Amino acid sequence: MQKHYRNCDEIPIENFHKILNDKNYGWMFVGYDGFEDVDVPESILNAWEDIYNEFIVISDDQTLTLYYELVNDVLYLSRRYEIVLELLKTLAKGQISESLKQDYILELRQWGFKIDKNKDLSKELDKKIRQLRASENRINLKKFELENLTGESKKSMSLVEQTVRLEQGLDRDLIDTKKTSASKWVFLLKVLEETNNLKRKLNGK
């Protein structure tokens, strides 16, 4: 089994940012170089969610928290949309056994799409399709919020720019973002903030 990062102490900040910006979850795997496509199982997506939830906690930044919450919402809603769409398509075709049909209905219920077994299935499916379209609108709204947020803050602070600021502000040699963990990165940013605050106090500002 290919090794993958499990927490903020392990994942390099460069991998972390590439996953956020490119949605390429191959960067969750240790040794991945970005030159080839890899299959990403559900377990890796779950591991990623754990990592950025941890990042939110240790960073303690409201704007950053909002950003990751929006990313999480878009990921979940998009995944739900794709799964529910396939389930509804299969049920609409009506070419499955009764037991499998019940399994699909139960799966839909777990995703928040409840079908009344006592009513006409075709009419129930029509209702769920309308519900799914409303879900698609919600996804687009979340994506719009995310684009606005990234346009205002994240776009103006790329990883390279953050690295340069850290190197200058902390008087450090070149910081290797491929080897610096996400948790260490957060600590460095906090140290820089504390350093800048101290300088302002000393300068009477």
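Only the coordinates and a few stated rules stand behind these numbers; no lab work does. Worth saying up front: this structure is predicted, and the values here are computed from it rather than measured. In this analysis, Cβ positions are derived from the backbone assuming ideal geometry, glycine residues included, and neighbour counts consider all displayed protein chains.
Can you tell me the 0 to 90 degree angle between the C-alpha axis of helix 182-202 and the longest principal axis of the chain, rounded to 10?
40
Relative contact order for the stretch 1-43: what percent, with Cα pairs under 8 Å and sequence separation of 6 or more?
Numbers: 29 pairs, mean separation 15.3, N = 43.
Reported relative contact order: 36 percent.
What residue among Ile115, Ile19, Ile58 has the largest mean-square fluctuation in a Gaussian network model of the chain, using Cα springs under 10 Å?
Ile115
Using only Cα atoms, find the angle between the long axis of helix 13-22 and the longest principal axis of the chain, and express it within 0 to 90 degrees, rounded to the nearest 10.
Roughly 40 degrees, rounded to the nearest 10.
Taking H placed 1.01 Å from N in the peptide plane, check which residues at least 5 places from His4 or on another chain put their amide H under 5 Å from its amide H.
Val30
Taking the chain as a Gaussian network, Cα atoms linked when under 10 Å apart, which of Tyr104, Tyr52, Tyr81 shows the biggest mean-square fluctuation?
Judging by the Gaussian network model, the answer is Tyr104.
Does anyone have the angle between helix 159-169 and the longest principal axis of the chain? Alpha-carbon axes, 0 to 90°, nearest 10?
Tilt relative to the chain: about 30 degrees.
On a full-extension model of 0.36 nm per residue, what is the gain between Leu100 and Arg130, subtracting their alpha-carbon distance, rounded to one decimal in nm? The partial results should precede the final answer.
Details: separation 30, 0.36 × 30 = 10.80 nm, distance 2.32 nm.
Full extension of this stretch gives 8.5 nm more.
Output ³J(HN,Hα) for the stretch 43-51: one whole-Hz value per residue in order, computed from phi by the Karplus curve 6.51 cos²θ - 1.76 cosθ + 1.60 with θ = phi - 60°, and x for Gly and Pro.
4, 6, 4, 5, 5, 5, 4, 4, 5
Count the net charge of all other residues whose Cβ sits under 14 Å from the Cβ of Asn24, scoring Lys and Arg as +1 and Asp and Glu as -1.
On the way: positive: Lys18, Lys23; negative: Glu14, Asp22, Asp33, Glu36, Asp37, Asp39.
So the surrounding residues net to -4.
So what J values fall out for the stretch 130-136 if you push phi through Karplus, 6.51 cos²θ - 1.76 cosθ + 1.60 with θ = phi - 60°, rounded to Hz, Gly and Pro as x?
Working through the residues one at a time gives 5, 5, 5, 5, 5, 5, 5 Hz.
Which FRET efficiency, nearest 0.05, do Leu159 and Glu107 yield, Cβ-Cβ r, R0 30 Å? If you can, show how the numbers build up before the last one.
Details: r = 39 Å, r/R0 = 1.30.
Calculated transfer efficiency: 0.15.
Which residue fluctuates most in the GNM of the chain (Cα springs below 10 Å): Lys93, Lys143, Lys128?
Lys93
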